[in-house]
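Written out below as structure tokens is the structure these notes cover.
The values are calculated or read from the model by the stated rules, or taken from the named source; none is laboratory data. This one's a predicted model, so the numbers in the text were calculated from it and none came from an experiment. Note that we place each Cβ from the backbone using ideal geometry, even for glycine, and neighbour counts take in every protein chain shown.
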Amino acid sequence: MTVTWPKDTRAKFGKSLIHASHDLHTREQFTDEGLAQILDDYPREELGIWTFGGHCEGMGTAIKGMAPNASGKEILEAVKRGTFWLNLRKCNEHVGYLEDTADDIFDSLEDATDKRLRKRDMGLLISSPEVHVNYHLDIPLVCLLQLRGEKRIWMYPADEHHAPSAQVEDIVHTRREEDLTFSNAFDDNDEIVDLKPGMAITWPQTAPHRVQNADCVNVSLSCEYMTLPALVQANAIYMNGVLRSKFGVDSVRTKQVTPLNLGKAAMARLVKAAARAGAPKSPSPVEFEIDLSEEACFRPV
């Protein structure tokens, strides 16, 4: 089966939250032994390790860590005992035996949407019990598949009120992480999803959300991808950021593929080429290292 999408996926795609089912959680790759092996095989310098403060109004606290000397088994043990969130981005590229899993997911979504999916990036998320992931958004489109544990996701509208354009532009330009400023009033417009193993969702581009793990280790696949309209929007947002920072032009992003957005997207590609921009780097410094000898399983660096 792999992933089964509803019959109305094509009509709803890009407009609303879509639920699906899958059987990937039954694969041995995602047992403790399989996860430890993946962590050993994944390039350690690419491993994203974070810890978060509790849920609150305003800007959440995200602290970046590293684990240069720990084994995959030790990192997994730290997740069980501590308060960590791991992101193995592009694990379909970095860990060869996961490529087929990624292809199964993305191919199923292509078939259901009748869209060509570009920039296929399957990330593996491994996180501690009761971790709360700050209010944030993703620039690519995302399909999230739950493999182990349970979590609650609060989804919010992808509009100016819930995600101001200036903040979104800073995310695109990697001047900040993906976090946004949260207000408790936003919960008047949320859509709540409780994810359990075998469940999957995909949502409209740049829709903000926050996540609360249940009292159990969580394992998910976060599959980022782009369609042609999504690429146009991302590049238009990038160009809006250039116009705002250099010329003080206050632009509000739009979802439509308009002639103006097409022009901005083309200009963004030229600006990026002229700047010879490499892969985006995290603006956050490393502040801790995984260390099982400590009670909290980490020490400051």
If you go through segment 26-57, how many residues are in a helix (DSSP H, G or I) and out of contact with any His (no Cβ under 9 Å at 6 or more places or on another chain)?
15
May I ask you to list pairs of residues, at least six apart or on different chains, whose Cβ atoms are under 6 Å apart, with the first in segment 76-92 being within 30 Å of Lys119 (Cα to Cα) and the second being in a loop (DSSP other than H, G, I, E, B) and small (Gly, Ala, Ser)?
Val79/Ser128; Phe84/Ser128
Subset of segment 255-301 (residues that are of a type in the set (Lys, Arg) and either under 24 Å from Pro140 (Cβ atoms) or part of a helix (DSSP H, G or I) (or both))
Lys255, Lys264, Arg269, Lys272, Arg276, Lys281
For Asn87, are the conditions met, namely being within 14 Å of the chain's Cα centre (by Cα), polar (S, T, N, Q) and either crowded, with 18+ Cβ neighbours inside 10 Å or modelled with pLDDT under 95 (or both)?
no
Residue set Ser108, Ser128; condition small (Gly, Ala, Ser) and in contact with a helix residue (DSSP H, G or I) (Cβ under 8 Å, 6 or more places away or on another chain); output residue Ser128
Within segment 15-57, track down each residue that is closer than 15 Å to Trp203 by Cβ and surrounded by fewer than 18 Cβ atoms within 10 Å (Cβ to Cβ).
Lys15, Ser16, Leu17, His19
Of the residues Glu93, Glu99, Glu130, only one is of a type in the set (Asp, Glu), under 17 Å from Thr51 (Cα atoms), modelled with pLDDT of 95 or more and out of contact with any Phe, Trp or Tyr (no Cβ under 9 Å at 6 or more places or on another chain); which?
Glu130
Within segment 121-148, the count of residues that are crowded, with 18+ Cβ neighbours inside 10 Å and under 18 Å from Val172 (Cα atoms) comes to 9
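For (1) modelled with pLDDT under 95; (2) of a type in the set (Gly, Ala, Ser), each residue gets a yes or a no:
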{"site": "Asn235", "(1), (2)": "no, no"}
{"site": "Gly241", "(1), (2)": "no, yes"}
{"site": "Arg244", "(1), (2)": "no, no"}
{"site": "Ser251", "(1), (2)": "yes, yes"}
{"site": "Gln256", "(1), (2)": "yes, no"}
{"site": "Lys264", "(1), (2)": "no, no"}
{"site": "Arg269", "(1), (2)": "yes, no"}
{"site": "Lys272", "(1), (2)": "yes, no"}
Looking at Asp121, Asp138 in this structure, which one is under 25 Å from Arg176 (Cβ atoms), in contact (Cβ under 8 Å) with a residue 60 or more places away in the chain and part of a strand (DSSP E or B)?
Asp121
Against the definition (touching a Phe, Trp or Tyr at 6+ places or on another chain (Cβ under 9 Å), surrounded by fewer than 18 Cβ atoms within 10 Å (Cβ to Cβ) and assigned to a helix (DSSP H, G or I)), how does Asp111 come out, yes or no?
yes
Output the residue which, of all residues in segment 152-179 that are of a type in the set (A, V, I, L, M, F, W, C) and not in a helix (DSSP H, G or I), is surrounded by the most Cβ atoms within 10 Å (Cβ to Cβ).
Ala163
Considering residues of segment 180-203 that are touching a residue at least 24 places away in the same chain (Cβ under 8 Å) and assigned to a helix (DSSP H, G or I) only, the residue surrounded by the most Cβ atoms within 10 Å (Cβ to Cβ):
Phe186
Examine segment 173-186 for a residue that is among the β-branched types (Val, Ile, Thr), out of contact with any helix residue (DSSP H, G or I) (no Cβ under 9 Å at 6 or more places or on another chain) and either modelled with pLDDT under 95 or farther than 22 Å from Gln212 by Cβ (or both), and state whether such a residue exists.
yes
